[in-house]
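Since the structure comes first, as structure tokens, the remarks are kept for the end.
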Amino acid sequence: MLDLFKYIFLGFIQGFTETIPVSSSGHLMIFKTLMDVKVDFDTIAILTNFGSLIAILILFRKDIKQLIIGFFKYLNTKNKKYKNEYRYCWLIVFGCIPAGLAGLVVSKLNLFSKIEDNIKIVGVSLIITAILLYLIRNFKGKKLDKDINLKDAITIGIFQILGLFPGISRSGSTIVGGMFSNLKRDTAFKYSFMLYIPMSIAAMALEISELNLKSSLFLNYVVAIIVAAIVTFLVTKWFRKIVNEGKLIYFSIYCFIVGILVVCFL
């Protein structure tokens, strides 16, 4: 029962921190350092990420359906009615390229091997996240989905590279990139999570070989995935409201405080 509780707790932490700008990987490392938890953190991270992905797919199911239908209808008919969906799909592809290429290089060369378990790096990264969120605290932007261009997609994609570093939030970095590109708050939010879906799938594909599943822990795995999915769904809906209300400053303050505490005491 105690082991099951640990997996429930880790699933909750993953679900709560995955989509808000505080870095889920960074928080898992913090709790790994603070707690004497004898679990395979690489495996639990992959599984709970899968739970979070399920939640995002459910949350954005209408947008995804509209984009897929519009993309293929434009391909078949060239009807201008579907051109915006067709463009948006390609902008998702181009937005994923910078971080996708960087991720492959990092994975192949194992560039983060010396810092991925360094808790001080997580602290510094959280402080960087805090600074980025503070800089865009009052940004409102003007661009809607139909106004996003190739330059915006590449710019946001470059910001997404920051999310590869332990402790720097992927959602935070892409939303910051979107606001720097003059996107409206909700436009930046939606585009950030449209990028999240293919990037998350690609990351899991690369990490699947690292899975070390044990049949005796099957129930724990399933529960962790379910908890992560439910919490991610609820927290992402709440986070969207926070973004639209322009209250990212709260996350900036949180990341700064936690980052300082990690650097000074862990």
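The values are calculated or read from the model by the stated rules, or taken from the named source; none is laboratory data. Keep in mind the model is a prediction, meaning the values are calculated, not measured. Cβ placement follows ideal geometry from the backbone for every residue including glycine, while neighbour counts extend to all protein chains displayed.
Scanning the stretch 73-101 for residues that are of a type in the set (V, I, T) and not in a helix (DSSP H, G or I) gives no hits. Against the criterion of being surrounded by fewer than 20 Cβ atoms within 10 Å (Cβ to Cβ) and among the β-branched types (V, I, T), T33 qualifies.
Scanning the stretch 235-255 for residues that are part of a helix (DSSP H, G or I), of a type outside the set (S, T, Y) and surrounded by 14 or more Cβ atoms within 10 Å (Cβ to Cβ) yields V235, F239, R240, I242, V243, I249, F251, C255. Of everything listed in (1) of a type outside the set (S, T, Y); (2) at pLDDT 90 or above; (3) assigned to a loop (DSSP other than H, G, I, E, B), the single unmet condition for Q160 is (3).
Restricted to the stretch 142-157, and to residues there that are part of a helix (DSSP H, G or I) and not acidic (D, E), the residue that is nearest to A130 (Cα to Cα) is I156. All of I197, I168, I201 fail the test of being touching a residue at least 12 places away in the same chain (Cβ under 8 Å), under 27 Å from C89 (Cα atoms), within 14 Å of the chain's Cα centre (by Cα) and not in a helix (DSSP H, G or I), apart from I168. Checked against (1) at pLDDT below 95; (2) surrounded by fewer than 22 Cβ atoms within 10 Å (Cβ to Cβ); (3) under 25 Å from K241 (Cβ atoms); (4) under 18 Å from the mean Cα position of the chain (by Cα), G141 meets all criteria but (4). Kindly evaluate I121 against the criterion of being out of contact with any Leu (no Cβ under 9 Å at 6 or more places or on another chain), of a type in the set (V, I, T), surrounded by fewer than 19 Cβ atoms within 10 Å (Cβ to Cβ) and touching a residue at least 40 places away in the same chain (Cβ under 8 Å). No, not satisfied.
One residue stands out among those in the stretch 27-52 that are of a type outside the set (A, V, I, L, M, F, W, C) and at pLDDT 85 or above: the one that is farthest from Y191 (Cα to Cα), which is T43.
For the stretch 244-255, the set of residues classified as over 17 Å from L28 (Cα atoms) and not β-branched (V, I, T) consists of N244, E245, G246, K247, L248, Y250, F251, S252, listed by residue number. Got at least one residue in the stretch 208-216 being among the charged types (D, E, K, R), outside any helix (DSSP H, G or I) and without any contact (Cβ under 8 Å) to a residue 24 or more places away in the chain? Yes: the stretch 208-216 contains one or more residues that are among the charged types (D, E, K, R), outside any helix (DSSP H, G or I) and without any contact (Cβ under 8 Å) to a residue 24 or more places away in the chain. Filtering the stretch 53-105 to residues that are modelled with pLDDT of 95 or more and small (G, A, S) leaves A55, G70, G95.
Considering only residues in the stretch 171-183 that are part of a helix (DSSP H, G or I), of a type outside the set (G, A, S) and crowded, with 24+ Cβ neighbours inside 10 Å, the one that is farthest from the chain's Cα centre (by Cα) turns out to be M179.
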